[in-house]
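Asks: First, the structure itself, so that you have it in front of you.
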Amino acid sequence: MCYQVIIFALKAENKLPYSPELRSVLASNYLKLEKPSLARTSIDNAKKLQPANANFYLLSGEIALVEGDTSRAVEEFNKAIQMDKKLISGPLKLIQISLDQGRVDEALNYFEQFPQSTISDNDELNYLYLKTKLAAGEEEFYFTEVDSIGNTSKYNTLLIKEAGDWMKERRRYLASIDYYNRIPEKSEQWLPASLSKAESLGILGRSREALDVYNNILERFSDNEEAIAGKEAIEEKIALYLRWKQRQRKNDSLSSQPLKPKSLDLNNK
């Protein structure tokens, strides 16, 4: 699909060589094809032709991030914000950069420019806000909010999944399972959440339930290597347990039989 769009854009650009919008389309699709240098050339040309377009600077910042140039990315995002004060995507990118670099206080400061209603109404912004609060040590606030959200949007299900991961990392396996159970099957988070849930169940010794989860995963993703390996490990664990139980029953049966006295040979003196 991306190749078709690029071919179309190239043909159109030959007819309209000065169209900044077409150059932006090319840049976006080059980026999807992991060709950042070509993407940068296209978006730089687009910015020259239309220097007041905030969206061009946003895309330029994303290209810089892919190229590993964080400083240039921050510069481009800030330019986009200056051109359009209502733009949310720019601050979102800056917040994510601050979080990635461990500058939690800086990330929190970005949220001060938004009314609380704007944060609550934008799922992506709210996702980053709660992640920032957790990184700042406000665990109670984070989990209270996560417990109150629905599971119908992309970022909400991601929050729920990450809450489960947080519990699992701290060996609070029952709590992690409760969060993983909230992920709907249609969500893209269902597979990683199910794999983590099966692992938590296995650690708790609930092998049969873990096996059911692995089987459910493999019904949908038959070639998932992690699920295959997990299922084999659980089946081996169950087999070992059954063999142990069989030996125990055999030992119990022998120990319950009355002791027979040794036969005496009275002729033996």
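Asks: Can you tell me which residue in the range 187-206 is farthest from Ile234 (Cα to Cα), limited to those that are in a loop (DSSP other than H, G, I, E, B) and touching a Ser or Thr at 6+ places or on another chain (Cβ under 7 Å)?
Replies: By that ranking, first place goes to Ser187.
Asks: Let me ask something else about it. Filter the range 149-165 for residues that are among the polar types (S, T, N, Q) and at pLDDT 95 or above; which is surrounded by the fewest Cβ atoms within 10 Å (Cβ to Cβ)?
Replies: Asn156
Asks: Follow-up. With Leu242, Leu266 as the choices, which residue is open to solvent by 100 Å² or more (accessible area, probe 1.4 Å), at pLDDT below 95 and of a type in the set (A, V, I, L, M)?
Replies: Just a single option satisfies the conditions, and that option is Leu266.
Asks: Can you find, within the range 126-147, the residue that is surrounded by the fewest Cβ atoms within 10 Å (Cβ to Cβ) among those that are of a type outside the set (D, E, K, R) and not in a helix (DSSP H, G or I)?
Replies: Gly137
Asks: Also, I was wondering about something else. Which of the residues that make up the range 101-121 are outside any helix (DSSP H, G or I), at pLDDT 90 or above and open to solvent by less than 70 Å² (accessible area, probe 1.4 Å)?
Replies: Gly102
Asks: Another question, if that's okay. Return the total of residues in the range 21-62 being within 27 Å of the chain's Cα centre (by Cα), surrounded by fewer than 16 Cβ atoms within 10 Å (Cβ to Cβ) and part of a loop (DSSP other than H, G, I, E, B).
Replies: Total satisfying the criteria: 2.
Asks: A further question follows. From (1) at pLDDT below 95; (2) open to solvent by 20 Å² or more (accessible area, probe 1.4 Å), pick out the condition that doesn't hold for Lys168.
Replies: Just one mismatch for Lys168, condition (1).
Asks: Can you find a residue in the range 63-76 that is part of a helix (DSSP H, G or I) and touching an Asp or Glu at 6+ places or on another chain (Cβ under 7 Å)?
Replies: Scanning the range 63-76 turns up at least one residue that is part of a helix (DSSP H, G or I) and touching an Asp or Glu at 6+ places or on another chain (Cβ under 7 Å).
Asks: Let me confirm something: among Ser196, Ser98, which residue is in contact (Cβ under 8 Å) with a residue 24 or more places away in the chain and either in contact with a helix residue (DSSP H, G or I) (Cβ under 9 Å, 6 or more places away or on another chain) or open to solvent by less than 70 Å² (accessible area, probe 1.4 Å) (or both)?
Replies: Ser196
Asks: Determine which member of the set Val66, Val74 is over 12 Å from Ala27 (Cβ atoms), among the hydrophobic types (A, V, I, L, M, F, W, C) and at pLDDT 90 or above.
Replies: On inspection, the qualifying residue turns out to be Val74.
The values are calculated or read from the model by the stated rules, or taken from the named source; none is laboratory data. A quick note: this is a predicted structure, and the numbers were derived from the prediction, not measured. Here the Cβ is made from the backbone with ideal geometry for all residues, glycine too, and neighbour counts use every protein chain on show. Ligands, DNA and RNA are stripped out before the accessible areas are found, and what is left, the full protein with its side chains, is counted by its heavy atoms. Shrake-Rupley method; radii C 1.70, N 1.55, O 1.52, S 1.80 Å.
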